[in-house]
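Report on the following structure.
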Amino acid sequence: MKPIVLITGASSGIGAALAKVFAAHGHELALVARRGDRLEALADEIAATERPRPTVFTADLERRDGASAIAAELSSRGLEPAIVVNNAGFGLRGEAATLSRDEQLAMIDLNVRALTELSLMFVDSVARHRGGILNVASLAAFLPGPGMAVYYASKAYVLSFSEALHRELSGSGVHVTALCPGPVPTEFQTRAGLSLPAAARMLELSAERVAQIGYDAFMAGQRVVIAGIGNRLAVSFMRLVPHALLLRLVDQGRAAGAAK
Ligand SMILES: NC(=O)c1ccc[n+]([C@@H]2O[C@H](COP(=O)([O-])OP(=O)(O)OC[C@H]3O[C@@H](n4cnc5c(N)ncnc54)[C@H](OP(=O)(O)O)[C@@H]3O)[C@@H](O)[C@H]2O)c1
């Protein structure tokens with residue numbers, strides 16, 4: 001079986017940027033998302049840089065059979081992951097009690113269940129190639145998020161799971177990294193119904209910058225990487241502040257965003 005880097009959610013934003021960074025460093029790729037036309041366009045763009053054209057196929061990872069459909073596609077093409085990049089994810093702004101329950105559960109299916117299944121499903125293959133797993137968490141992993149409660153909780157899971165897996169697999173030559181970006185202007189904000197308050201915009205980094213930071217940290221075997229100095233300072237602050245105050249601050253930030 002030929003080793004590839006599997007990247008989910010590569011049709012836009014951070015996932016597309018990660019695909020370009022991995023390709024530029026000579027990795028062969030398999031790219032997955034629901035929008036096949038976007039994946040084909042990205043594959044053409046990468047092929048135009050004289051790198052091997054990535055394999056692309058569509059999969060809906062909110063579906064229970066999403067991860068096994070990916071495994072079947074890879075195996076039918078004689079491919080297996082040396083590196084798994086679990087990037088696909090989305091958020092929703094609004095109070096948990098009033099947002100659609102189905103949509104919030106679909107978010108858990110994608111951000112948590114599919115990420116877990118793809119991480120565990122390919123552990124043997126990744127270990128064979130002494131590769132690893134790069135999971136995209138978020139700054140949201142470090143605090144509770146009134147106004148995006150399920151999203152923040154899903155990212156806290158990603159961080160916790162990835163750190164524990166990093167430790168469990170440390171003897172097998174597999175490294176697991178959690179990439180924690182702060183705000184990144186992508187399609188994420190539109191889908192989430194978000195408009196960032198000015199303070200959050202100061203922490204913004206481009207998808208390209210975040211992808212490069214994630215790649216470098218992953219290759220260095222880092223357990224967790226918080227993208228950007230501003231975001232690292234923000235996390236240090238969050239660790240010092242009692243949760244009661246933090247919850248009030250996040251809530252005020254949400255009110256400021258909603259007023260825009
Ligand atoms: N942007 C930010 O401010 C920010 C900050 C911290 C963390 N993150 C995290 O970064 C990751 C990437 O987000 P982004 O900012 O790049 O957002 P984005 O531009 O909206 O990209 C999300 C990607 O996920 C894919 N996706 C969504 N639903 C899917 C499904 N059901 N099945 C398969 N793929 C699906 C989308 O592709 P299709 O629609 O084609 O399926 C798209 O490629 C997410 O995990 C997000 O939580 C983002």
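Out of everything in region 4-29 that is surrounded by fewer than 23 Cβ atoms within 10 Å (Cβ to Cβ) and touching a Lys or Arg at 6+ places or on another chain (Cβ under 8 Å), what residue ends up being nearest to L110 (Cα to Cα)? This residue is S12. With the requirement that a residue be within 12 Å of the ligand (Cβ to nearest atom) and either open to solvent by 60 Å² or more (accessible area, probe 1.4 Å) or in a helix (DSSP H, G or I) (or both), what does region 182-208 give you? The answer is P185, E187, F188, Q189, T190, R191, A192, A200, R201, E204, A207, E208.
Restricted to helices (runs of 4 or more DSSP H) entirely inside region 89-174, those with at least 2 residues that are closer than 21 Å to R63 by Cα and of a type in the set (V, I, T) are 149-168.
I'd like the full set of residues that are part of a loop (DSSP other than H, G, I, E, B), within 15 Å of the ligand (Cβ to nearest atom) and either at positive phi or free of Cβ contacts under 8 Å to residues at least 60 places away in the same chain (or both), limited to region 1-50. Hits for region 1-50 are G9, S11, R34, R35.
Given the criteria within 17 Å of A71 (Cα to Cα) and either charged (D, E, K, R) or open to solvent by 10 Å² or more (accessible area, probe 1.4 Å) (or both), does E168 qualify?
Numbers: within 17 Å of A71 (Cα to Cα): no; either charged (D, E, K, R) or open to solvent by 10 Å² or more (accessible area, probe 1.4 Å) (or both): yes.
It is false that E168 is within 17 Å of A71 (Cα to Cα) and either charged (D, E, K, R) or open to solvent by 10 Å² or more (accessible area, probe 1.4 Å) (or both).
One residue stands out in region 31-74 among those that are at pLDDT 95 or above and acidic (D, E): the one that is most open to solvent (accessible area, probe 1.4 Å), namely D37. Consider region 75-84 and keep the residues that are open to solvent by less than 50 Å² (accessible area, probe 1.4 Å), at negative phi and more than 18 Å from the chain's Cα centre (by Cα). The one that is nearest to the ligand (Cβ to nearest atom) is L79. Assessment of region 85-98 against the conditions (at positive phi and either of a type in the set (D, E) or more than 13 Å from the ligand (Cβ to nearest atom) (or both)) yields at least one matching residue.
Only one entry of A227, A220, A178 meets the criterion of being touching a Cys at 6+ places or on another chain (Cβ under 8 Å) and either away from the ligand (no atom under 16 Å from the Cβ) or open to solvent by less than 40 Å² (accessible area, probe 1.4 Å) (or both), and that entry is A227.
The values are calculated or read from the model by the stated rules, or taken from the named source; none is laboratory data. Worth saying up front: this structure is predicted, and the values here are computed from it rather than measured. When we count neighbours, we look across all protein chains shown, and the Cβ atoms used for this are built from the backbone with ideal geometry, even at glycine. Keep in mind that these areas ignore ligands, DNA and RNA; they rest on the heavy atoms of the full protein, side chains included. Shrake-Rupley method; radii C 1.70, N 1.55, O 1.52, S 1.80 Å.
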